[in-house]
1. Which chymotrypsin sites (Phe, Trp or Tyr not before Pro) in the stretch 385-494 sit in a loop by DSSP (not H, G, I, E or B) and have at most 14 other Cβ atoms within 10 Å of their own Cβ?
2. Taking all protein chains in place and a 1.4 Å probe, what share, in percent, of the accessible surface of the stretch 123-379 do carbon and sulfur account for?
3. Which one, 105, 115, 264, is farthest towards the positive end of the dipole of the chain when Lys and Arg carry +1 and Asp and Glu -1 on their Cβ?
4. Any aspartates and glutamates with Cα under 15 Å of the residue 49 Cα? List them, leaving off those in the same chain fewer than 8 positions away.
5. At a Cα cut-off below 27 Å, give the lysines reachable from residue 230, other chains included and same-chain residues fewer than 8 away excluded.
6. What are the residues whose amide H is under 5 Å from the amide H of residue 461, where those residues sit 5 or more places off or on another chain and H is modelled from the backbone?
7. Below 11 angstrom from the Cβ of residue 77, what's the summed charge of the other residues (Lys, Arg +1; Asp, Glu -1)?
8. So, counting K/R as plus one and D/E as minus one, what does the shell of residues with Cβ under 15 Å around residue 441 add up to?
Amino acid sequence: MAVRLLNMSRFARLSRPLLRTTRQYSGAAASVDGSYTGPDMKTTVPGPKSKELFGDLMKIQQAGGVQYFVDYNKSQGNYLVDADGNVLLDLFGQVGSIPLGYNHPAIKERITSQGIDTLVNRPALGCFPPTDYAQTLQDALLSVAPKGMSEVMTLMCGSCANENAFKASFISFMDRQRGGPVNPSAEEYASALYNKGPGCPKLSVLSFKGAFHGRLLATLSCTHSKVIHKLDIPALDWPCAPFPQLKYPLDQFVRENQQEEKKCLEEVEDNFSTSQKNGVPIATAIIEPIQAEGGDKHASPEFFEGLQTICKKYGASFMVDEVQTGCGGTGYMWAHEAWDLPEPADFVTFAKKMQIGGFYYTSERRTNEAFRIFNTYVGDHMRTVVLGAIVNEMTKRQLLGQVKETGEVLLTGLQKLEGMHPSLVHSARGAGTFCAIDCHDSATRDKLVGQLKNKGFQVGGSGELAIRFRPALVFEPRHANMFLEAFDDVLKSQ
Ligand SMILES: Cc1ncc(COP(=O)(O)O)c(C=O)c1O
């Protein structure tokens, strides 16, 4: 059953003024989908082939999270092809980590032209970097660095990026306590090897309820989205402040939302002063620009600026976790650019669409000695080379502009749908194509996500109630309209 691709869908008709500038981008993106023009479903998902492969994998590991198996050779652009030959329009983008869709020619070309050596030899970049390494970092990472950030460290995944940024923030906090990077005392050296103070100081990281910062030991102590992530694992007893629970649409609840944010900032300040009194000062506050795994929760620029001010007052670092929001999905390269902060954050962490994990930092936060932020690979040269091609393509095709335009079509359509189906969905919200809509309960959300998948539209859930959208940057208004039409049909059929 192939889903019809209408030249002018009912959503395209409704949002026609928003589509007026599509032409400037369409030449770029028309080719990325290859011959696919819409979903084409042959079986329900997972189909028989996926089920068979699932059985094989389950013999080897706990693979309960697998939804279906993918044929990455056949997948193209915004379309994902599963093991049973089903063609799905992908609005989830491998949990928000595909910037240019599948099999993008610019990435293939970069891998081919860079030469097989880059792939064959994986260097220990902290010790034996290739000759073009500084230039690669410059092209791929520093060319798109958040304003005011002049240095970058590459690592592996998002958890690894946050975990190492915590370490860098602790080191710089202690340097500042000592009045500069002066030599630590003999007692500090002697005690550090056996996990004792003063060499291992009592410091903490402030995180927010509902946050997700990863699954390693320190980051897991800052993750508060799902209990199953944390159960049975020892945790650091670090403070956790409430994240604003705003009402949507934001422009209709300005007063209530301001009050809510004020209350949360008061609790943040309480946490800072209590932690200081208890002798475990907060060295860093970590926050997502949009709480993603926690259910697509937004806060205002004023809230984030208030948090930065409190961090400064207490001598702590302000760390922005852009693992999910970074690399263009919100219509900005970095979501926090939209806040227009008076001064840069101290750390900005990334992974997912950026292909490698890592963090940007201000020069004041550089560690004095080598090896303090380190591992064998410190990133992956090939992935950084690929990122260079992605960044180049984003600039050449003005993809941030396209994301803003498509995001407007998607969000306007979602808002229209919540008006048409108020008993099923509400609180449509988003920045760029980083959008979400809430269902009235988790069971309805899970059912709708499943029904959309069987119609050929891959979306994701976040938090308890939200359906989240994380398409690639090459997702266009015509794709958004195709989805909105199918979503309308699914909602009508409840
Ligand atoms: C905001 C945020 N931080 C950190 C992480 C962890 O990244 P990774 O799964 O690459 O370790 C995620 C993953 O979803 C995330 O959304």
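1. Numbers: sites: 434, 457, 469, 475, 483, 487; in loops: 475.
Within the stretch 385-494, no chymotrypsin sites (Phe, Trp or Tyr not before Pro) qualify (loop, at most 14 other Cβ atoms within 10 Å).
2. Working: 6480 of 11940 Å².
Of all accessible area on the stretch 123-379, carbon and sulfur atoms account for 54 percent.
3. Comparing the listed Cα positions along the dipole, 105 ranks first.
4. Hits, sequence-local ones excluded: 71, 82, 84.
5. Leaving aside lysines fewer than 8 places away in the same chain, those within reach of residue 230 are 59, 167, 196, 202, 209, 297, 352, 353, 447.
6. Residues meeting the amide H criterion: 468.
7. With Lys, Arg at +1 and Asp, Glu at -1, the net is -3.
8. On the way: positive: 445, 447; negative: 438, 446, 464.
Result for the neighbourhood of residue 441: -1.
The values are calculated or read from the model by the stated rules, or taken from the named source; none is laboratory data. Worth saying up front: this structure is predicted, and the values here are computed from it rather than measured. We place every Cβ from the backbone using ideal geometry, glycine too, and count neighbours over all the protein chains shown. Keep in mind that these areas ignore ligands, DNA and RNA; they rest on the heavy atoms of the full protein, side chains included. Shrake-Rupley method; radii C 1.70, N 1.55, O 1.52, S 1.80 Å.
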